[in-house]
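The values are calculated or read from the model by the stated rules, or taken from the named source; none is laboratory data. Every value quoted in this text rests on a predicted model; they were computed, and no experiment measured them. Quick reminder, even Gly has a Cβ in these numbers, built from the backbone with ideal geometry, and neighbours come from all protein chains shown. Accessible surface is based on the protein model in full, side chains and every heavy atom, while ligands, DNA and RNA are left aside. Shrake-Rupley method; radii C 1.70, N 1.55, O 1.52, S 1.80 Å.
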Amino acid sequence: MGIIGRNGAGKSTLLKILSQITEPTEGEAMIYGRVGSLLEVGTGFHPELSGRENIYLNGAMLGMRRAEITRRFDSIVEFSEIGAFLDTPVKRYSSGMYVRLAFAVAAHLDPEILLVDEVLAVGDMAFQKKALGKMGSVVKEGRTVLFVSHNMAAISSLCHSAIRIDKGRIVDQGSARTVVLSYVNQTVVKTVSSVRNGERLASSDTFRFVDLRLLDADSMPVNMVVSGQDVQIELLFEAHPRQSMNSAVMSLAFYSMMGQSLFLCRSDYTNTEYTAMPSEGAVTCRIARLPLAPGEYVLNLYCEINGQVVDWVESAATITVGEGDFYGTGRLPSGRGDLLVAHEWSGIRSRSDNGDLRA
């Protein structure tokens, strides 16, 4: 279960109560099973003891026998990647080393309930990925993980369900994806639109873009979208054509923040024709499964009437794209690049001696 909310909402306090570090001012928590917790860097470690000694100390605090700890000792050290410093007092460890060892101990001593706070943010990206993979395997073994994080992608991919806390109270609960999307849309800054004041490379008094709105698949205004989500972009305009209009073409271009052209949406690409315009109107561009990786992107707009560019706005808006399950596999896209492309891989086939491929 993921636990999300603003800073100060009570997420960490909840885990401290469940791990019996803090007593609740009222009410009670019923816990069934051995609890392993990773709440703050170095919690439960004795700074004067070595990494080796702290592994045994932590295990004893979890109720493990020395023989059980010894049996898992090599796996813990290998996972933590601090073998060269195993006999160094942990007070000399960096915060990243603290986290690696603490997480390795908490995850390998087989607690029925694992409590994990935001401390994973201290580790490097490679270790974060490995730690999330380990938590996923813990979940598959049928054990419970309560995971507090500001990483919405991690919550969405790892957790089956989630709760959102505000001022110590649960204000939303349900599937992780539903709770995360609701939270993100309420907290992320709105799309930054500068259509009226954007840099106009071409303009006329016959047509002018005046605003832009970001909508979800149900035509509801949203603050941001996620990779793979259906999205609609509504363009509001004013028009005062002085001559008959044979055709108008609307264009919406996506650019990276570094100015790299990514893709272009034009109304004539889809055989959409506009032959008349009201003095105040709007058109909507619908994009299925938004193929953008997480990040911020710039939108440019332009309109042609009878083959003449009548409005061209550079940097008309900046939108934020959050991490989403674009491929529908539960694996969130990672690595470099702005565009996500739907693709498939074949199965492995053997090759015969003459080079032909056989199934």
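Residues in the stretch 42-59 that are in a helix (DSSP H, G or I) and of a type outside the set (Asp, Glu): Gly51, Arg52, Asn54, Ile55, Tyr56, Leu57, Asn58, Gly59. Please verify whether Gly42 is of a type in the set (Gly, Ala, Ser) and at pLDDT 85 or above, treating the condition exactly as stated. No: the conditions fail for Gly42. In the stretch 303-318, the count of residues that are closer than 25 Å to Ala154 by Cα and open to solvent by less than 70 Å² (accessible area, probe 1.4 Å) is one or more. Of the strands (runs of 3 or more DSSP E) that lie entirely inside the stretch 181-261, those containing 1 or more residues that are modelled with pLDDT under 90 and of a type in the set (Ser, Thr, Tyr) span 248-256.
Within the stretch 221-248, the set of residues being more than 21 Å from the chain's Cα centre (by Cα) and open to solvent by 20 Å² or more (accessible area, probe 1.4 Å) comprises Glu234, Leu236, Glu238, His240, Pro241, Arg242, Gln243, Ser244, Met245, Asn246, Ser247. Looking only at residues in the stretch 60-90 that are touching a Phe, Trp or Tyr at 6+ places or on another chain (Cβ under 9 Å) and part of a helix (DSSP H, G or I), which one is surrounded by the fewest Cβ atoms within 10 Å (Cβ to Cβ)? Selected residue: Arg66.
Of all residues in the stretch 202-220, those being under 20 Å from the mean Cα position of the chain (by Cα) and open to solvent by 20 Å² or more (accessible area, probe 1.4 Å) number 2.
Restrict the check to the stretch 103-119 and report whether at least one residue is modelled with pLDDT of 80 or more, part of a helix (DSSP H, G or I), of a type outside the set (A, V, I, L, M) and under 24 Å from Thr329 (Cβ atoms). The answer is no, given that none of the residues of the stretch 103-119 is modelled with pLDDT of 80 or more, part of a helix (DSSP H, G or I), of a type outside the set (A, V, I, L, M) and under 24 Å from Thr329 (Cβ atoms).
Against the numbered list (1) outside any helix (DSSP H, G or I); (2) closer than 30 Å to Tyr56 by Cβ, His150 comes up short only at (2). Pairing residues of the stretch 50-68 that are at positive phi with residues that are surrounded by 13 or more Cβ atoms within 10 Å (Cβ to Cβ), at Cβ distances under 7 Å and at least 6 apart in sequence or on separate chains, gives Gly63/Arg34.
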